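Encoded as structure tokens, the structure appears first; notes follow it.
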Amino acid sequence: MKLLVLWLLTVLLIPGVMLIAGYYYRSHVPKSMKSGYRTRRSMKSKETWAFAHKLLGKYWRLLGWPTLIVSLAAIAVFFGKDEDTVGAALGVLSALQCVPLIVPMILVERALKTHFDENGLPYDPVDWLEE
């Protein structure tokens, strides 16, 4: 039973973080730049900070649900198998879960580069904050 609980926590950690942070960032941009999505581009200005968090929140919300569903399906498929099989499946699943966790960060960085100059000023004033 302890192994099942540990497996559930491990498998659901990444989709859980994506969903919780995704919903939080979409509606609450951290006021301080001491915590959150901290990259050189995202910390250039308050506008880039807000843009990065709102966009990352959107991506993580969109990708968090399918990641959660696939993770739950994997639990169902490997439930009751021997510990070695479960361990191998857990390792593969954890590695695969990193893809929807990291790819949105790459997309956010590209969007920051597209919408803002090197000083953090927007190229075109748009109402992206209202989305």
message: At most 16 other C-beta atoms within 10 Å and a DSSP loop state: those are the exposed chymotrypsin sites (Phe, Trp or Tyr not before Pro) I care about. Give me the longest piece of the chain that has none.
response: 1-78
field: Non-local Lys pairs in region 1-91, i.e. 8 or more apart or on different chains, that have alpha carbons under 26 Å apart
entry: 13
- prompt: Helix 83-115 versus the longest principal axis of the chain: what is the Cα-based angle in degrees, 0 to 90, to the nearest 10?
  reply: 10 degrees
message: If amide hydrogens are placed 1.01 Å from N in the peptide plane, which non-local residues have theirs closer than 5 Å to the one on Phe116?
response: Tyr123
- prompt: Say each of Glu118 and Ala76 gets a label point 7 Å from the Cα, pointing the same way as Cα to Cβ; how far apart are those two points in nm?
  reply: 5.3 nm
statement: For region 1-126, averaging the sequence separation of alpha carbon pairs under 8 Å that lie six or more residues apart and dividing by its residue count, the contact order in percent is 35 percent
message: Per DSSP helix of 4 or more residues, -39500 (n - 2.57); summed, then divided by the residues of the chain. What does that give at 222 nm, rounded to the nearest 500?
response: -25500 deg cm²/dmol
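We did not get these values from a lab; they are worked out from the coordinates using the rules stated. Quick caveat: nothing in here was measured; it's all calculated off a predicted structure. We place every Cβ from the backbone using ideal geometry, glycine too, and count neighbours over all the protein chains shown.
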